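In what follows, a structure is listed as structure tokens, so that the remarks can point back to it.
The values are calculated or read from the model by the stated rules, or taken from the named source; none is laboratory data. Note that the coordinates shown come from a computational prediction; the quantities given were computed from them, not determined experimentally. In this analysis, Cβ positions are derived from the backbone assuming ideal geometry, glycine residues included, and neighbour counts consider all displayed protein chains. Ligands, DNA and RNA are excluded from the accessible area calculation, which covers all protein heavy atoms including side chains. Shrake-Rupley method; radii C 1.70, N 1.55, O 1.52, S 1.80 Å.
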Amino acid sequence: MAGLRLGPLLRYVDGSSATVWIETSRPCTAEVRCADGTHGEARTFQVAGHHYALVPVTGLRPGTASTYEVRLDGTPVWPLPDSPFPPSEIRTPDGNGLRVAFGSCRWAAPPAHEADPVGPDALDTLAARIAADPAATRPDVLLLLGDQVYADETSDATRHWLAARRDLTEPPGDQVADYEEYTRLYYESWLDPEVRWLLSTVPSCMIFDDHDVIDDWNTSASWLADMRATPWWRERLLSGLVSYWVHQHLGNLSPAELAADPLYAAVRASADATDLLRAHASLADKDPSAVRWSYRRDFGRVRVVMVDTRAARVLEEGSRSMLHPAEERWLREQVLDAPGSYDHLLIGTSLPWLLPHLVHDAEAWNAALCRGERGGRWARFGEDLRRRADLEHWAAFPASFEALAGLVAEAGSGERAPATVCVLSGDVHHAYVAEPSWPAGSGPGSRVLQLTCSPVHNSIPLSIRLGFRFGWSGVGRALGRWFARHGRGERPSIDWRRTGGPWFGNQLMTLTLRGRSARLRLDQARASRNGRPRLETVTEYELAPDTSPSMTQPR
């Protein structure tokens, strides 16, 4: 009899359909049955000895909520027997607003009987809040902006499991090496009881960042050459991309996109899709323009564009770019499509666009050194520093930084411009709000914001706290200007200021978007005296008032 190994994860949801992702113990037919009579089923597909299904559920009605169960070959397997959580639900949007919770960087929480060295997990505490009052307000969608698993920083339990499988004195040591070891990371992360239930009842959108493969993935051309020269890198990369396609990317797609995807059709038709997916991953590594990991979701009058800022890079020093030209064109098309059709634009990029001024200037200076502005000796120093100090955000790709600034301004200009354009990011293990400004007369009419939230559950060293606070300071900004002069680079065409934070802790941000109004809330996971961690609201304020005629008359 087939059993449920992982999931269910509620992934795509719109007004009439949803997809539910699962892993099973053997080949079977997976079925999702909703209490309102709607249902869907799918046959599992196989990858490297594992069995998965993405079950489409159709016939849903907008603005409704229905509990559901999962059956394998007709046998109920979810909800789990004696579950302490309420039944999982599929809630369809009603078009009257959207609540988006987001964050990044989540180490798997340790088992309940073990001490947590980095404090309470924000996803665990969100699950507890929702479970305690299922009828209360909850996120409509959860955006996970990278580092869903850590292939290069494994837990004690995983290291013991790896040691029983192979010799850890051989590279890559206690990092994951292949697909089977990646599945261990997802089990460790997504079988956490609170997170498992949360992901079964709140839809999620995901994108990778570096630790999903390796720290500072695709930092530079020379970094990549060094990695490709190691005996273990190719297997690590292919396994990372295949596991990402299976566990994360597939659920980002709508039923219509899945139906039109020839790779998904071939995977489902194959007795074993391992070689198909490894070939797909190999193509993605060889030609960044051949495979797209970015995607777009429209939630009523809110547009979300999730951008791949890792695999889509151009790394050659003479033409370095955060996005391959084809990817940059795609981003422009998605952002500028159907002007006036959305009130809020959210651009999800794992790496922050606007950083503390000192950090931005240091990265731009380093980019100038690496491309040879100060000669060969400085270029070699710059490359070494780039790797040691993780200098590879948008600021390290100055042309891409400016291109994004121009696109944001274009999207936010004109009579039909959205109320807000928000760049959502994580990565830097703290949270803040930054607001750009353009030279007089050239800026957009929309309110533009960089909203950065990280980590969901990870360490926050003192060096990060001190460094980023100093980076926003006046002294830090003056030091940054010195870096800029030394690098002989052009100054950014825009300026920006921090308008919130920095906040340090395990945390989530939530945007509430209704009409043309926008509110932001930051919640942090805090320990409590009764031993039950909780989410505590640190700040909440209005980003944009509602001035939309759509609230009183049709557009």
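A few notes on this one:
- Note on the stretch 61-131: Rg/Rh from Cα positions, Kirkwood definition for Rh, rounded to two decimals, is 1.04.
- Sparse-neighbour loop sites [chymotrypsin sites (Phe, Trp or Tyr not before Pro); the stretch 204-269; at most 16 other C-beta within 10 Å; DSSP]: 232
- Label of the coordinate-derived value, Cα extents along the principal axes in Å, listed as (i) 70, 61, 51; (ii) 74, 61, 41; (iii) 68, 66, 53: (iii)
- Among 48, 254, 277 - extreme Cα towards positive end, dipole of the chain, charges at beta-carbon: 254
- Solvent exposure of the stretch 118-257, expressed per residue, is 31 Å² of accessible area, with all protein chains present and a 1.4 angstrom probe.
- Taking a Cβ cut-off of under 15 Å around residue 281, the surrounding Lys, Arg, Asp and Glu residues balance to a net charge of 0, with basic ones at +1 and acidic ones at -1.
- Computed over every Cα-Cα pair of the stretch 35-183 and binned at 10 Å starting from 0, the pair-distance distribution P(r) comes out as 8, 25, 35, 24, 8, 1 percent.
- Spin-label model distance (nm) - residue 67 vs residue 180, 7 Å beyond Cα toward Cβ: 4.0 nm
- Candidate residues 169, 420: accessible-area rank, largest first, probe 1.4 Å: 169, 420
- Taking label positions 7 Å along the Cα-Cβ direction at both residue 163 and residue 256, the computed distance is 5.3 nm, reported to one decimal.
- Amide proton proximity set for residue 26, modelled H, under 5 Å, gap of 5+: 3
- Extension gain, residue 263 to residue 539: 0.36 nm times the residue separation minus the Cα-Cα distance gives 94.9 nm.
- Think of a 1.4 Å ball rolled over the protein heavy atoms: the stretch 433-505 then has 49 Å² of accessible area per residue.
- Exposed-loop-free span, longest in the chain, where GluC sites (Glu not before Pro) count as exposed if DSSP calls them loop and at most 13 other C-beta atoms lie within 10 Å: 115-315
- Alpha-carbon centroid distance for the pair the stretch 19-39 / the stretch 89-137, whole angstrom: 23 Å
- Residue-span extension gain [residue 275 to residue 435] - 0.36 nm each, minus C-alpha spacing: 53.0 nm
- When the solvent-accessible area of the stretch 243-352 is split by element, carbon and sulfur atoms take up 53 percent of it, the probe being 1.4 Å.
- Inter-label distance for residue 464 and residue 35, nm, one decimal - labels placed 7 Å from Cα along Cα-to-Cβ: 4.0 nm
- Trypsin sites (Lys or Arg not before Pro) within the stretch 144-212: DSSP coil, no more than 15 neighbouring Cβ in 10 Å: 165, 166
- Only beta bridges with both residues in the chain are counted; by DSSP, about 75 percent of them are antiparallel.
- Across the chain, the mean sequence separation of Cα contacts (distance under 8 Å, 6 or more residues apart), normalised by length, yields a relative contact order of 15 percent.
- Solvent-accessible surface (1.4 angstrom probe) belonging to residue 227, in square angstrom, nearest 10: 30 Å²
- Based on DSSP H segments of at least four residues, each scored -39500 (n - 2.57), the chain has a per-residue ellipticity at 222 nm of -9000 deg cm²/dmol.
- Surface share of carbon and sulfur [accessible, 1.4 angstrom probe, percent] for the stretch 1-103: 48 percent
- Size of electric dipole in the chain: Cβ of Lys, Arg +1 and of Asp, Glu -1, about Cα centre, debye, nearest 20: 1240 debye
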